[in-house]
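The values are calculated or read from the model by the stated rules, or taken from the named source; none is laboratory data. Keep in mind that this is a model prediction, so the values were computed, not measured. Note: ideal-geometry Cβ built from the backbone for every residue, glycine included; neighbour counts use all protein chains shown.
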């Protein structure tokens, strides 16, 4: 069975992702991840499987610049977030911590659809609908950062920022 999509709408904020009322868990990200996206879908964290996808509409990650939001998505085991658009700070935080965030047309993906991602060629394959969604391939430097686990891990590995 391939990873499946969990579908969300437009304007999913960092408070939907990392509920502010649970801010006391920011020093325990493993515990915080058990509540990821709880305010958008109370069952998400308990039903998603490692490797599944978050699929959303426009402006995913708007609001405060909580770096905990992409961190707990990654810790929960989400393979990637696919959205029509991202809030700028959320997108940059996601890449910096090693969470794959792809801008693409998500209209052809519904909840529970089985999907595969081909980052190198810029294709999302919806296996349920037998459809392909093209997106602009990521620059090599972003692929490298993601492969290394994010910016901090990349710097640890190379001693400085390298475009290797």
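Below, the figures for the structure above:
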quantity	calculated
Condition met for residue 26 (assigned to a loop (DSSP other than H, G, I, E, B), touching a residue at least 40 places away in the same chain (Cβ under 8 Å) and touching a helix residue (DSSP H, G or I) at 6+ places or on another chain (Cβ under 6 Å))	no
Of residues in the range 13-23 being part of a helix (DSSP H, G or I) and in contact (Cβ under 8 Å) with a residue 24 or more places away in the chain, the one surrounded by the fewest Cβ atoms within 10 Å (Cβ to Cβ)	15
Subset of the range 49-79 [buried (at least 23 other Cβ atoms within 10 Å of the Cβ) and not in a helix (DSSP H, G or I)]	53, 54, 55, 56, 60, 61, 78
Residue that is in a loop (DSSP other than H, G, I, E, B) and crowded, with 18+ Cβ neighbours inside 10 Å, where the choices are 41, 10	41
From 128, 106, residue being at pLDDT 95 or above, surrounded by 17 or more Cβ atoms within 10 Å (Cβ to Cβ) and assigned to a loop (DSSP other than H, G, I, E, B)	106
